[in-house]
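Q: Let me give you the structure first, and then I'll get to my questions.
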Amino acid sequence: MSFDQFIISRNLQKRIVYDEVFDKSHIFKPSFLVKQDPYTKIDVPFSTYKGYTYQGGISDHYPIILKLKTK
């Protein structure tokens with residue numbers, strides 16, 4: 001998996017210590033957000049809808065977290 005993008009303000013960008021940025025990002029994937037695809041046996045996000053059918057999940061993707069070190 002890869003990250004789409006992180007959007008930050010110009011003010012925050014000026015305060016970031018860049019040697020700490022990219023090794024502190026990750027996908028938040030707790031068990032309550034995961035469902036196993038019955039056909040492929042691969043973990044997938046537990047989405048709210050599958051087509052037009054309500055499943056009761058949270059989202060169709062996992063949240064991403066970025067921890068930054070600032071001045």
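The values are calculated or read from the model by the stated rules, or taken from the named source; none is laboratory data. Note that this is a predicted model, so its numbers are computed, not measured. Glycine also receives a Cβ, built like all others from the backbone with ideal geometry; neighbour counts cover every protein chain displayed. These accessible areas exclude ligands, DNA and RNA; they are computed on the full protein's heavy atoms, side chains included. Shrake-Rupley method; radii C 1.70, N 1.55, O 1.52, S 1.80 Å.
Q: Rounded to whole Hz and in sequence order, give me ³J(HN,Hα) for the range 26-35 from the Karplus expression 6.51 cos²θ - 1.76 cosθ + 1.60, θ = phi - 60°, writing x for Gly and Pro.
A: 7, 8, 7, 9, x, 4, 6, 9, 10, 9
Q: Can you pull the one-decimal nm distance between simple spin-label points at Lys35 and Gln55, each 7 Å off the Cα toward Cβ?
A: The modelled label-to-label distance comes out at 0.3 nm.
Q: Give me the percent relative contact order of the chain, please, defined on Cα pairs under 8 angstrom at least 6 residues apart. Display every interim value, and only then the final one.
A: On the way: 86 pairs, mean separation 27.2, N = 71.
Relative CO of the chain lands at 38 percent.
Q: If I histogram all Cα-Cα distances within the range 29-70 using bins 5 Å wide from 0, what percent of pairs lands in each bin?
A: Going from the shortest bin to the longest, the percentages are 6, 21, 25, 22, 10, 6, 5, 3, 2.
Q: Another question, if that's okay. For every helix of n ≥ 4 consecutive DSSP H residues, a contribution of -39,500 (n - 2.57) applies; sum these over the chain, divide by its total residues, and give [θ] at 222 nm rounded to the nearest 500 deg cm²/dmol.
A: -2000 deg cm²/dmol
Q: Tell me, what % of the accessible area of the chain is carbon and sulfur with a 1.4 angstrom probe? Before the final figure, lay out each step's value.
A: Details: 3310 of 6060 Å².
Summing carbon and sulfur atoms, their accessible area is 55 percent of the total for the chain.
Q: Using only the Cα atoms of the chain, construct the convex hull and provide its projected area averaged over every direction, in square nanometres to one decimal. Walk me through the numbers before you get to the answer.
A: Details: hull surface 25.9 nm².
Over every viewing direction, the Cα hull of the chain projects on average to 6.5 nm².
Q: Looking at Leu12, Tyr39, Gly51, which one has the Cα that reaches farthest to the positive end of the dipole of the chain (charges on Cβ: Lys, Arg +1; Asp, Glu -1)?
A: Leu12
Q: How big is the dipole moment of the chain about its Cα centre under a simple scheme where the beta carbon of each Lys and Arg is +1, that of each Asp and Glu is -1, and everything else is neutral? Debye, nearest 20, please. List each step's numbers first, then the result.
A: Numbers: 11 positive and 7 negative charges, 74 e Å.
About 360 debye.
Q: How much accessible area per residue does the range 31-71 have, in Å², with a 1.4 Å probe?
A: That works out to 82 Å² for each residue.
Q: Please go through the range 15-67 and write out the chymotrypsin sites (Phe, Trp or Tyr not before Pro) that DSSP classes as loop and that have at most 14 other C-beta atoms within 10 Å. Could you put the intermediate results ahead of the total?
A: Working: sites: Tyr18, Phe22, Phe28, Phe32, Tyr39, Phe46, Tyr49, Tyr52, Tyr54; in loops: Phe28, Tyr39, Phe46, Tyr52.
Here the chymotrypsin sites (Phe, Trp or Tyr not before Pro) that fit, given the DSSP loop and packing criteria, are Phe28, Tyr39, Tyr52.
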